[in-house]
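Novice: Provided herewith is a single structure, encoded as structure tokens, for subsequent inquiry.
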Amino acid sequence: MTGTISINSFDAYVLFDSGASFSFVSEDFVVRTGISVQQISQAVTVSSAKGPISSTFVCPGCRISLADEDFVANLVIIPLDMFDVILGMDWLSQYQAIISCFWKTISLHAPSRREVVFQGSAPMFSLALLCYMFPTHWLRKSGLLWAMTEVSDATLSIKDIPVVCQYPDVF
């Protein structure tokens with residue numbers, strides 16, 4: 001789920017990602033906003049579509065403002081192309097997040113113990129992001145369904161398909 005939120009009083013395009021172990025901030029956002037940076041002794045290494053990424057820099061204690069409540073995040077600095085910030089499981093679990101994919105909402109328990117509900121937005125770059133992450137694939141549209149398909153030069157023959165090869169007169 002995505003949306004625009006305030007981080008240290010700057011608008012940031014954010015991905016709430018339950019598949020990410022840590023929370024991240026883009027190098028560009030750090031440079032653009034001048035938020036505080038600290039070096040850490042142990043590198044954080046994560047897997048990405050482009051391969052492993054390591055960082056020894058974080059932005060500690062970033063203030064995330066939602067519905068007049070302040071939350072805190074420690075953001076690892078990495079190169080990000082599509083988002084300013086990714087809020088991962090470290091942050092989501094800290095604030096007992098409940099994500100509703102159907103309603104595109106995230107319910108959080110603020111430090112004040114008040115429940116805050118954030119209304120996400122549809123991803124701005126969903127197709128562009130898929131194309132960027134999987135450049136060797138191509139998109140195929142069928143009704144409302146978009147699918148990523150492996151690009152292959154190999155041709156498929158009836159004799160290569162189990163069961164189908166037993167009935168060549170039908171296919």
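Novice: Using 5 Å bins from zero, what percent of all Cα-Cα pairs in the range 1-71 falls into each bin?
Specialist: Pairs per bin, as whole percents: 3, 13, 23, 26, 22, 11, 3, 0.
Novice: Let me ask something else. Just report the Cα centroid separation between the range 37-55 and the range 60-126, whole Å.
Specialist: Distance between centres, Cα-based: 20 Å.
Novice: In the range 79-109, which chymotrypsin sites (Phe, Trp or Tyr not before Pro) are in a loop and have at most 12 other Cβ atoms within 10 Å, using DSSP for the loop call?
Specialist: In loop regions of the range 79-109 (DSSP not H, G, I, E or B), the sparsely surrounded chymotrypsin sites (Phe, Trp or Tyr not before Pro) are F102, W103.
Novice: Hey, what's the Cα Rg ratio for the range 1-128 versus the globular rule of thumb, 2.2 N^0.38 Å?
Specialist: Relative to the 2.2 N^0.38 Å estimate, the range 1-128 comes out at 1.01.
Novice: Moving on. For the range 1-115, what is the charge dipole size about the Cα centre, in debye to the nearest 20, if Lys and Arg each add +1 at the Cβ and Asp and Glu each add -1 at the Cβ?
Specialist: Dipole of the range 1-115, to the nearest 20 debye: 140 debye.
Novice: Could you work out what % of the accessible surface of the range 1-129 is carbon and sulfur, using a 1.4 angstrom probe and leaving DNA, RNA and ligands out of the count?
Specialist: Carbon plus sulfur share of accessible area: 54 percent.
Novice: At a probe radius of 1.4 Å, what is the per-residue accessible area of V31, in Å² to the nearest 10?
Specialist: Result for V31: roughly 120 Å² accessible.
The values are calculated or read from the model by the stated rules, or taken from the named source; none is laboratory data. This structure is a prediction, so every number in the text was calculated from the model and none was measured. Glycine gets a Cβ as well: all are built from the backbone with ideal geometry, and neighbour counts include every protein chain shown. What goes into the accessible areas is simple: the full protein's heavy atoms, side chains included, and nothing from ligands, DNA or RNA. Shrake-Rupley method; radii C 1.70, N 1.55, O 1.52, S 1.80 Å.
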